[in-house]
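Structure, as structure tokens:
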Number of protein chains: 2
Amino acid sequence: MDYKEFLKHGERLDDLQINNLQVIQNPAGFCFSEDAVLLANFVKIKAGERVCDLGTGCGVIAILLSAKTQAKEIVGVEIQADIADMAARSVKLNDLENRVNILNLPMQEAHLTLGREGFDAVAANPPFFQMTNDKGQMTNNDIGFVNSESIAKQEIYITLDEVATAAARLLRFRGRFYLIHRADRLADVFRALNAHDLEPKVLRFCGAGKTPDRILVEAVKGGKPGLRVQMTNDKGQMTSKVN
Amino acid sequence: MDYKEFLKHGERLDDLQINNLQVIQNPAGFCFSEDAVLLANFVKIKAGERVCDLGTGCGVIAILLSAKTQAKEIVGVEIQADIADMAARSVKLNDLENRVNILNLPMQEAHLTLGREGFDAVAANPPFFQMTNDKGQMTNNDIGFVNSESIAKQEIYITLDEVATAAARLLRFRGRFYLIHRADRLADVFRALNAHDLEPKVLRFCGAGKTPDRILVEAVKGGKPGLRVQMTNDKGQMTSKVN
């Protein structure tokens, strides 16, 4: 296959190191990071399940999950039209159109198209940084900096609470929400999950070096309290379980 | 000094390994555990501050804080009359009556005696185990098992939410709440803190062996979001900071 027909100016193809899968990225915009790979490795999907990736970006998590799981259907939701188009072309060039769908939608409205409570699992690698301080004031006044990278990294179009709202709407009762975030926002993450009846069941600390700074959380809609805490080393290997 | 005059039948004196302090305990009842020592080492108190230890038991945390800090006043609140009496005698035998006060009160009513918002810091080593399941049903029907040990370990007289309520009432704005709990109840702990505007600022994982199962939390009343996560090894030494 001539992959060039799938590429637009400035884009490149990156090998995902699994099943010969490749993903289109634009180095001038936001490229996927280790966080996406960490999240895709954390997600547990059973055969035949329906999965939604909220804020799929270039589609890397949706495409990785197609290889790593036996999900029946994987839907990636992306608000940015050009990025969603890039993700859809990656799905096509990997010949995954029968299992992976990319929708160009704000995740706040995803349930209007996808329906409520129809998914077994939802994944999200949301923006990590808040745009407002605790008084609700904007902390980044320079709105001129908004681009595909800042949209992916800062809470410009979506807040953490809105991500949890979207996940709770899409998930069936007892469905699982998989989230990666910064460790210093753990309290915010648990607050948002709690507000939407998403009970944290697994909390894994990870990241590079001796100071891991990422958390992976599995929360269950309507789940019972009781948390397992896991630690990983800088290679992502499990070192100790807290319980 | 003849310490025997302070001891009742069945009680013993234990050396706290600091400043020649000793504490009276009754081996037939509940004796303080490593958790109390972990919490006392975690608490940070500035010179001249007022501190309250909720559920002080034999008074070990209040007495340790008198040695480890320059707190002006330390109040220990204990619901069980015989245990509060034992703690008060330990205060007396250590000659700490000018700085440490033991009150025999349910912590739900502590603010009625101590006033609201008058403390710089509150510490609590509360019961770790819930008495009810998520449907609100009792999980321990054998109420005959209630004794000083079960009261200290199970949420018989006080729930986690009531502990947070009591702490929030006693603390001044920006006052600190120091709590030890089981790691598997982290989501419950953050839920209770959040419900009373106590913002988690430090989360430390600790415990014995390769599977630490305790969390220490410092929360600030009216604090801004932003959490530091810390790990310790089985000797209680800091191994890595998550951030």
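The values are calculated or read from the model by the stated rules, or taken from the named source; none is laboratory data. If you're wondering where the values come from, they're calculated on a predicted model, not measured in any experiment. Positions of Cβ are generated from backbone atoms using ideal geometry, with glycine treated the same way; all protein chains shown enter the neighbour counts. These accessible areas exclude ligands, DNA and RNA; they are computed on the full protein's heavy atoms, side chains included. Shrake-Rupley method; radii C 1.70, N 1.55, O 1.52, S 1.80 Å.
Would you mind stating whether A:ASP82 is without any contact (Cβ under 8 Å) to a residue 40 or more places away in the chain and either over 21 Å from A:TYR178 (Cβ atoms) or open to solvent by 20 Å² or more (accessible area, probe 1.4 Å) (or both)?
Numbers: without any contact (Cβ under 8 Å) to a residue 40 or more places away in the chain: no; either over 21 Å from A:TYR178 (Cβ atoms) or open to solvent by 20 Å² or more (accessible area, probe 1.4 Å) (or both): yes.
Against the criterion (without any contact (Cβ under 8 Å) to a residue 40 or more places away in the chain and either over 21 Å from A:TYR178 (Cβ atoms) or open to solvent by 20 Å² or more (accessible area, probe 1.4 Å) (or both)), A:ASP82 does not qualify.
Could you go through segment B:149-162 and let me know if any residue there is among the polar types (S, T, N, Q) and either open to solvent by less than 20 Å² (accessible area, probe 1.4 Å) or part of a strand (DSSP E or B) (or both).
Looking through segment B:149-162, at least one residue is among the polar types (S, T, N, Q) and either open to solvent by less than 20 Å² (accessible area, probe 1.4 Å) or part of a strand (DSSP E or B) (or both).
What number of residues within segment A:211-230 satisfy the criterion of being modelled with pLDDT under 80 and more than 7 Å from every other protein chain (Cβ to nearest Cβ)?
The qualifying residues number 0.
Mind checking which residues of segment B:52-103 are closer than 23 Å to B:ASP2 by Cβ and of a type in the set (Asp, Glu)?
Answer for segment B:52-103, where residues must be closer than 23 Å to B:ASP2 by Cβ and of a type in the set (Asp, Glu): B:ASP82, B:ASP85, B:ASP95, B:GLU97.
Table: residues versus (1) assigned to a loop (DSSP other than H, G, I, E, B); (2) at pLDDT below 95; (3) within 16 Å of the chain's Cα centre (by Cα).
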position	(1), (2), (3)
A:ALA167	no, no, yes
A:ALA187	no, no, no
A:GLU199	no, no, no
A:GLY209	yes, yes, no
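Limited to segment B:33-54, what total is found for residues that are modelled with pLDDT of 95 or more and assigned to a loop (DSSP other than H, G, I, E, B)?
Here the count works out to 7.
Would you mind finding the one in A:VAL60, A:VAL51 that is more than 20 Å from A:LEU93 (Cα to Cα) and crowded, with 24+ Cβ neighbours inside 10 Å?
Details: A:VAL60 fails: more than 20 Å from A:LEU93 (Cα to Cα).
When all the criteria are applied, what remains is A:VAL51.
When you check B:ALA183 against the structure, is it open to solvent by less than 10 Å² (accessible area, probe 1.4 Å) and more than 11 Å from every other protein chain (Cβ to nearest Cβ), yes or no?
Considered against the rule, which asks whether it is open to solvent by less than 10 Å² (accessible area, probe 1.4 Å) and more than 11 Å from every other protein chain (Cβ to nearest Cβ), B:ALA183 comes out as no.
List the number of the failed condition for A:PHE129; all other conditions in (1) open to solvent by 50 Å² or more (accessible area, probe 1.4 Å); (2) modelled with pLDDT of 95 or more; (3) among the hydrophobic types (A, V, I, L, M, F, W, C) hold.
Every condition holds for A:PHE129 apart from (2).
Can we say B:ASP134 is in a helix (DSSP H, G or I), within 13 Å of chain A (Cβ to nearest Cβ), modelled with pLDDT under 95 and open to solvent by 20 Å² or more (accessible area, probe 1.4 Å)?
So B:ASP134 does not fit the description; no.
Quick check on my filter: what residues within segment A:17-35 are under 23 Å from A:ILE151 (Cβ atoms) and either open to solvent by less than 40 Å² (accessible area, probe 1.4 Å) or among the small types (Gly, Ala, Ser) (or both)?
A:VAL23, A:ILE24, A:GLN25, A:ALA28, A:GLY29, A:CYS31, A:SER33, A:ASP35, listed by residue number.
So B:ALA87 fits all but one of (1) more than 14 Å from the chain's Cα centre (by Cα); (2) in contact (Cβ under 8 Å) with a residue 12 or more places away in the chain; (3) part of a helix (DSSP H, G or I); what number is the exception?
(1)
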